[in-house]
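One structure is given below, encoded as structure tokens.
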Amino acid sequence: EAEAVSIDDYQSGAVPGLLQTEEYARAMLRAQVPPFSTQELEQRVQARLTRQTLLEQSDGPHYHAILDEAALHRGVGGPDVMRAQVQRLSESAQLPKLTVQVIPFEAGAHPAMESNFSILDFEQSLVSDIVYVEGLVGNIYLERPTDLERYRKIFSHLSTTALNTPDSISLLTRISASYA
């Protein structure tokens with residue numbers, strides 16, 4: 001991530017790690033099976049927060065996050081945590097190097113409903129662009145041009161399917177208010 005010039009991230013059921021609040025991250029990590037020890041959980045929360053500083057750097061990557069509306073309604077950590085998390089997403093969507101889009105329920109089925117993935121693009125010719133796919137079966141890194149092309153096409157389709165940024169912010173604002 002630190003070397004990427006752009007990161008395209010799709011998450012179907014949770015807020016992307018690079019945009020999670022501390023309490024949301026902690027609640028997500030508490031749900032892991034087998035559970036983490038208290039020390040390991042706190043180390044992972046801090047690691048996630050440290051990773052997020054990447055997005056604040058002037059030379060950091062452009063970050064484009066698309067998430068399914070379902071991720072915004074799953075009550076991770078309770079109403080207060082979710083309200084803060086959704087507000088954070090809304091604020092993040094207004095930053096210059098960040099794009100946040102939401103795929104609304106009304107969009108129906110789409111090609112990534114059962115997957116989460118990130119596409120990392122690099123400037124250096126010695127480093128291949130990669131697709132990072134995560135799930136219960138493990139984490140997979142794909143570098144083949146055919147895989148990259150497929151995931152780029154899917155991400156482009158998701159971006160077209162998702163609400164534009166102003167409409168995404170409007171939806172985020174409505175959902176945040178529902179946690180009041």
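The values are calculated or read from the model by the stated rules, or taken from the named source; none is laboratory data. Remember, it's a predicted structure, so these values are computed and weren't measured experimentally. Glycine also receives a Cβ, built like all others from the backbone with ideal geometry; neighbour counts cover every protein chain displayed. Quick note on the areas: whole protein, heavy atoms, side chains included, nothing else; ligands and nucleic acids left out. Shrake-Rupley method; radii C 1.70, N 1.55, O 1.52, S 1.80 Å.
Which order do 59, 129 take when ranked by solvent-accessible area (1.4 Å probe, heavy atoms of all protein chains), largest first? Spell out each step's value before the answer.
Working: 59 125, 129 40 Å².
Descending accessible area places them as 59, 129.
Order 97, 153, most accessible first, counting only protein heavy atoms with a 1.4 angstrom probe.
Values: 97 65, 153 130 Å².
Accessible-area ranking of 97, 153, largest first: 153, 97.
Roughly how much of residue 143 is accessible, in Å² to the nearest 10, using a 1.4 Å probe?
110
Ignoring ligands and nucleic acids, what accessible area does residue 176 show with a 1.4 Å probe (Å², nearest 10)?
Around 10 Å² of this residue is reachable by solvent.
Using alpha carbon centroids, what distance separates the stretch 24-78 and the stretch 101-164, in Å?
18
At 1.4 Å probe size, what's the solvent-accessible area of residue 68? Round to the nearest 10 Å².
20
With a ≥ b ≥ c the root eigenvalues of the C-alpha gyration tensor of the stretch 83-141, is it rounded (a/c under 1.5), prolate (a/b larger than b/c) or oblate? Spell out each step's value before the answer.
Values: a/c = 2.09, a/b = 1.26, b/c = 1.66.
It is oblate, given that a/c is not under 1.5 and a/b is not larger than b/c.
Quick one: Debye curve from the C-alpha atoms of the stretch 45-112, no solvent, what's log10 I(q)/I(0) at q = 0.17 Å⁻¹?
Computed log10 I(q)/I(0) values: -0.77.
Which distance in nm do the two modelled labels at residue 143 and residue 39 give, with both placed 7 Å along the Cα-to-Cβ direction?
For the pair residue 143/residue 39, the computed spacing is 3.5 nm.
Percent of accessible area on the chain owned by carbon and sulfur, 1.4 Å probe? List each step's numbers first, then the result.
On the way: 5060 of 9670 Å².
Looking at the chain in its full context, I get 52 percent from C and S.
May I ask you to evaluate 6.51 cos²θ - 1.76 cosθ + 1.60, the Karplus curve with θ = phi - 60°, for each residue of the stretch 162-178 and list the ³J(HN,Hα) values in order in whole Hz, giving x for glycine and proline?
Once rounded to whole Hz, the list reads 5, 5, 5, 4, x, 5, 5, 4, 4, 5, 4, 5, 5, 5, 4, 5, 5.
Among 24, 141, 151, which one moves the most in a GNM of the chain with springs linking Cα atoms closer than 10 Å?
In this elastic network of the chain, the residue with the biggest mean-square fluctuation among 24, 141, 151 is 141.
For the stretch 22-37, take each phi angle, set θ = phi - 60°, evaluate the Karplus expression 6.51 cos²θ - 1.76 cosθ + 1.60, and give the result in whole Hz per residue in order, putting x for glycine and proline.
Taking θ as phi minus 60°, the curve returns 4, 5, 5, 4, 4, 5, 4, 6, 5, 7, 5, 10, x, x, 7, 5 Hz for the stretch 22-37.
For the chain, set up a GNM with springs between Cα atoms under 10 Å and report which of 165, 146, 21 has the largest fluctuation.
146
Quick one: of the DSSP bridges fully inside the chain, what percent are antiparallel, nearest 5?
Numbers: 16 of 28 bridges.
Roughly 55 percent of the beta bridges in the chain run antiparallel, per DSSP.
Please give the charge dipole size of the chain, origin at the Cα centre, charges +1 on K and R Cβ atoms and -1 on D and E Cβ atoms. Round to the nearest 20 debye. List each step's numbers first, then the result.
Values: 14 positive and 24 negative charges, 89 e Å.
Rounded to the nearest 20 debye, it is 420 debye.
Once you sort the root eigenvalues of the Cα gyration tensor of the stretch 65-167 as a ≥ b ≥ c, which label holds: rounded (a/c under 1.5), prolate (a/b larger than b/c) or oblate (the other case)?
Working: a/c = 1.72, a/b = 1.61, b/c = 1.07.
Note, shape of the stretch 65-167 comes out prolate.
Give me the one-decimal nm value for the distance between modelled label points at residue 32 and residue 157, 7 Å along each residue's Cα-to-Cβ direction.
3.2
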